[in-house]
Amino acid sequence: MNDKYVPAEVESAAQAHWNERDAYRVVEDESKRKFYACSMLPYPSGKLHMGHVRNYTINDMLARQLRMNGWNVLMPMGWDAFGLPAENAAMKNQVPPAQWTYANIEYMKGQMQALGLAIDWSREIATCKPDYYKWNQWLFLKMLEAGICERRTQVVNWDPVDQTVLANEQVIDGRGWRSGAPVEKREIPGYYLKITKYAEELLQQVQTGLPGWPERVKLMQENWIGKSEGVRFAFPHQIRDASGELIQGGRLYVFTTRADTIMGVTFCAVAPEHPLATQAAASNAQLAAFIEECKHGGTTEAELATQDKKGLPTGLFVTHPLTGAQVEVWVGNYVLMSYGDGAVMGVPAHDERDFAFALKYGLPIKQVVAVEGETFSDQAWAEWYGDKQRGVCVNSGVLDGLAYKAAVDKVAELLSEKGLGEKKTTWRLRDWGISRQRYWGTPIPIIHCESCGAVPVPEKDLPVVLPEDCIPDGSGNPLNKRADFLNVACPCCGRDARRETDTMDTFVDSSWYFMRYCDPQNADAMVAGGTKYWMPMDQYIGGIEHAILHLLYARFWTKVMRDLKLVEVDEPFQRLLTQGMVLNHIYSRRTEKGGIEYFWPHEVENVLDAGGKIVGAKLKSDGSSVTYEGVGTMSKSKNNGVDPQQLIEQYGADTARLFVMFAAPPEQTLEWNDAAVEGAHRFLKRVWGYGVKNAEALRAGGDPAQAGDDAARALRREVHLVLKQVSYDYERMQYNTVVSGCMKLLNALEGFKAEGAAAAAVQREAFSVLLRTLYPACPHLTHALWQQLGYAEQLGDLLDAPWPQVDEAALVQDRIELVLQVNGKLRGAVSVPAGADKAAIEAAALASPDFLKFAEGKAAKKVIVVPGRLVNVVV
């Protein structure tokens, strides 16, 4: 053995050993219990970051420990390789996205291998390869046949610089998230997947079918699906368009969950794109300008909730369906055309947003719900105004005195009699538009023919292969300039036709990749026997930022595949762990031109207050002041990232792994700490040093259960107590306390001074427990010591060695230590046989040196014994 711990040597030797054995290749085995553990696949951005290291080490610890317990464990890896960042990099570097992507994959794969991850690389997939995206296209066509996919026109967010449609979440303050250009509203055709068809099942199974998911993620899913039960009804009107036709059949429809407040309507607000707004703007220049302004405003509900509410009257009126009163129509920037009917009823007295709007524009505010003991004001909002559970209707004619539910039922009945409304359930969830006007994505398998229309590509012609040599220049989709891709014969009539150049949203790629891992080499089927064996996934691991869209789309995709008889599962993921982010300190200062300059933590020296709190910083180079911004997510742009490769080169992969597991529980954020990294490395050097120093004793044989002296029995008891806790911590994936347990084991070993054959047997057993419990976190160092100290000869290779079992006999104590009190005050301890009766305990206490010292010659008046805990002598 090398006396010195040299991580590079240890890790290269261990990895060579595993590669030679092809140790991580996994096959289906019906004789074993299966466990499918998967981390969310990374985007090949170029380099791993510490968030990746944490995510994959969590997965690796889980996989290795379960394998030692006899499970057949699958831990695969792949690359979410399509997407806009590759196109941006291609424009910047003047290389095709494919070249950039494949080079990044190669480098990042090497980084993962350097970490020693137990990945079955035979199952590797890259979503940009035709053998993968062929099945995106195939399932798209199956959904088209089944009516789950359809082509339709819809108003979208258009980024005029990136020349692409943006999701609502990609529009920030009315601008494209990447380009910063003002977003336009455009009406264009595209393909939509009917996720709304599955809304009820998606919601129901959030509530009942995902017991292994974090509650906050389930709540986020539930809110996004957004089921609302209420009444949809119409305000009749006589407003006609230029041709004399009644607009929308003479009915302005709205949906409300508060039909009990219908008598409090004092205005209606419509979206800027609503037909009534368009009609009014045709003769109102001020309104037309306002509508144009609204087109560049926020598009998400979150943005609309926080932005300044603006509106203009249209001069148009609709009729209240129950009272017959005329209700003024306004255009409101807070109304979305894409939600419901693009119109809302304004009830200022009982909706906080409407209340603010009415105050701003001097609109009437009419109270129609009252709560006993509460006073209503039309000048200041009170929370109870909007509480549907407390009040009863007032100022509402036939509704007066009715509570919420009864009032809603009555309103629905009255509207139904007039043919103007009915109870209805609505959903926040919208169908998923998957068409993207980008190059680097899965080609949509459609051919456009002037005679036949939009024609699906025949299945035999799949995949439609994406050219990999295009270099985007920012002027739209380069596929529109590729005649060799565009020009094709129509599959129906044979005439000249044109391929669809839109590509699929990259969420499509990540919605089923975990199933492809199960059958990665099958060229004849999207999924097959492997999926039947491995799915559903037992443990999914990834960031909380994917808690809504990715997980929702993956759940939807699974249900579609089930309905098409491709899989047999309802839900893809049994358990979900959302690991916390890795944080680091941020240091910055304003430049002369007003920009922000960021500094690496190693470039600055902290300024501390009297309590040791960081209050500022200064540059080490010149002592100039720097602003300390606190801690935040590691980011290249803020110069606070830590390169895993540098960490591995300096300390070794095992140190990097140990630190990210020990620093915090997996679900919590982890704050970077250079001193703690050093501490992790010192611990591993201690483990190595102990193995070297005690090699002779650790290679000895003997039965540890036959340990004779107190010190040996005490060590065995400590080891098996820690083992019991560590095994439990592995079950609940609390890996930070697993590491602390390993540290306790090493401390106990280092404090053990007994000698002889029996002592050596206990020592050998204890060190084998330490190596096996530490192995999932630090596989390289533990593998080397396991081999070199002869454990492999007895128990086999460490990666398949049996998980150590707790010896309950070792936990039984011959003697126990009780707290000794004199007159209720702690004065020491007394050791007695484990089975000692009350009389024996009293005798031992009265004879103990600690009692004799503190009794000061006084006789005992009373002795109180609390079995197993303490003895109190009253003098």
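Bear in mind these aren't lab numbers, they're just calculated from the coordinates by the rules spelled out. Quick caveat, the model's predicted, so the values are computed rather than measured. Cβ sites come from the backbone with ideal geometry, for glycine too, and all protein chains shown count toward neighbours.
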Check your understanding: Once label points are set 7 Å from the Cα along Cα→Cβ at both residue 675 and residue 498, what is their separation, rounded to one decimal in nm?
Key -> 6.6
Practice item. Search the structure for amide H atoms under 5 Å from the amide H of residue 816, placed 1.01 Å from N in the peptide plane, and list their residues when 5 or more places away or on another chain. Key: 832, 834
Revision key, fill the gap. In whole angstrom, the spacing between the Cα centers of region 726-775 and region 320-386 equals 67
Exercise for review: Work out from phi, with θ = phi - 60° and the Karplus expression 6.51 cos²θ - 1.76 cosθ + 1.60, the ³J(HN,Hα) of each residue of region 215-222, listed in order in whole Hz, and give x for Gly and Pro.
Suggested key: 4, 5, 6, 4, 5, 4, 5, 4
Check your understanding: Tell me, what does the Kirkwood hydrodynamic radius of region 18-136 come to in angstroms if you use every pair of distinct C-alpha atoms?
Key -> 15.6
**Study point:** Over the chain: helical MRE at 222 nm, DSSP H runs n ≥ 4 each giving -39500 (n - 2.57), nearest 500
**Key:** -10500 deg cm²/dmol
Revision key, fill the gap. Computed on Cα atoms, Rg of region 653-781 relative to 2.2 N^0.38 Å comes out at 1.09
Review point. Residues with beta-carbon under 11 Å from that of residue 563, excluding residue 563: net charge, scoring Lys, Arg +1 and Asp, Glu -1?
Key: +3
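Please identify the GluC sites (Glu not before Pro) of region 499-574 that satisfy two criteria: DSSP loop assignment and at most 11 other Cβ atoms within 10 Å. Which are they?
Values: sites: 500, 545, 568; in loops: 500, 568.
Answer in residue order: 568.
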Point to revise | Compactness of region 228-421 as Cα Rg over 2.2 N^0.38 Å, two decimals | key: 1.01
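Let me know the Kirkwood hydrodynamic radius for region 565-660, please, with Cα pairs as the basis and the value in Å to one decimal. Walk me through the numbers on the way to the answer.
Details: mean 1/r = 0.0604 Å⁻¹.
16.6 Å is the Kirkwood radius here.
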Check your understanding: Any idea which of 749, 324, 547 is furthest toward the positive side of the dipole for the chain, if Lys and Arg beta-carbons carry +1 and Asp and Glu beta-carbons -1?
Key -> 749
Point to revise | Extension reserve of the residue 589-residue 740 stretch, reckoned as 0.36 nm per residue once the Cα distance is removed | key: 50.5 nm
Practice item. Place a +1 charge on the Cβ of each Lys and Arg in the chain and a -1 charge on the Cβ of each Asp and Glu, then give the dipole magnitude about the Cα centre in debye, rounded to the nearest 20. Key: 1140
**Study point:** In nm, spacing of pseudo-spin labels at residue 525 and residue 448 (7 Å Cα→C-beta vector)
**Key:** 3.7
Revision key, fill the gap. Long-range amide H partners of residue 827, meaning residues 5 or more apart or on another chain whose placed amide H is closer than 5 Å, are 820, 821, 822
Exercise for review: Determine the alpha carbon to alpha carbon distance for each of 185/366; 129/185; 218/410; 129/532; 109/636; 613/638 and list only those over 27 Å.
Suggested key: 185/366; 129/185; 218/410
Practice item. May I ask you to sort 515, 108 by Cβ crowding, counting other Cβ atoms within 10 Å and putting the fewest first? Key: 108, 515
Practice item. Hand me the GluC sites (Glu not before Pro) from region 803-872 located in a DSSP loop with no more than 15 other Cβ atoms within 10 Å, in residue order please. Key: 856
Review point. R0 = 45 Å: FRET efficiency of residue 838 with residue 696, Cβ-based, nearest 0.05?
Key: 0.45
**Study point:** Computed label-point distance, nm, for sites residue 709 and residue 416 using a 7 Å Cα→Cβ extension
**Key:** 8.9
Point to revise | Of the trypsin sites (Lys or Arg not before Pro) in region 598-636, those whose Cβ has at most 13 other Cβ within 10 Å and which sit in DSSP loop | key: 613, 620
Check your understanding: Gain in length, residue 246 to residue 95, computed as 0.36 nm per residue apart minus the alpha-carbon separation, to one decimal in nm?
Key -> 48.8 nm
Review point. With Rg and the Kirkwood Rh both taken from Cα atoms, where does Rg over Rh land for the chain?
Key: 1.06
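Sort 388-396, 655-663 by the packing proxy (mean of other Cβ within 10 Å over each peptide's residues), most packed first.
Numbers: 388-396: 17.6, 655-663: 25.8.
With the highest mean Cβ count within 10 Å placed first, the list reads 655-663, 388-396.
With charges set only on the Cβ (+1 for Lys and Arg, -1 for Asp and Glu), what does the dipole of region 582-656 come to about its Cα centre, in debye to the nearest 20? Before the final figure, lay out the partial values.
Values: 8 positive and 10 negative charges, 64 e Å.
The calculated dipole for region 582-656 is roughly 300 debye.
Using the Cα gyration tensor of region 815-874, with a ≥ b ≥ c the square roots of its eigenvalues, what is the shape: rounded (a/c below 1.5), prolate (a/b larger than b/c) or oblate (neither)? Present the calculation step by step, with values, prior to reporting the outcome.
Details: a/c = 1.69, a/b = 1.62, b/c = 1.04.
Since a/c reaches 1.5 and a/b is larger than b/c, the shape of region 815-874 is classed as prolate.
Rounded to the nearest 0.05, what FRET efficiency do residue 308 and residue 222 have when you use their Cβ-Cβ distance and R0 = 30 Å?
Numbers: r = 30 Å, r/R0 = 0.99.
Computed FRET efficiency for residue 308 and residue 222: 0.50.
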Check your understanding: Taking the Cα centre of region 228-421 as origin and charging only Cβ (+1 Lys, Arg; -1 Asp, Glu), how large is the dipole, in debye to the nearest 20?
Key -> 280
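Which peptide among 858-866, 762-770 comes first, and what is the full order, when sorted by highest mean count of other Cβ atoms within 10 Å?
Ranked by mean Cβ neighbours within 10 Å, highest first: 762-770, 858-866.
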Revision key, fill the gap. Note to self: C-alpha centroids of region 96-133 and region 597-627 sit apart, in Å, by 39
Practice item. Mind checking the full-extension length gain between residue 565 and residue 197? Use 0.36 nm per residue of separation minus the Cα-Cα distance, one decimal, nm. Key: 130.7 nm
Review point. Which residues' amide hydrogens lie under 5 Å from the amide hydrogen of residue 442, considering only partners 5 or more residues apart or on another chain, with H built in the peptide plane?
Key: 504
Exercise for review: Give the calculated FRET efficiency between residue 814 and residue 32 to the nearest 0.05, with a Förster radius of 51 Å applied to their Cβ-Cβ distance.
Suggested key: 0.80
Check your understanding: What residue among 684, 661, 647 has its Cα farthest toward the positive end of the dipole of region 645-685, where the charges are +1 on Lys, Arg and -1 on Asp, Glu, each on the Cβ?
Key -> 684
Revision key, fill the gap. Computed over the chain, the relative contact order (Cα-Cα under 8 Å, seq sep at least six) in percent reads 13
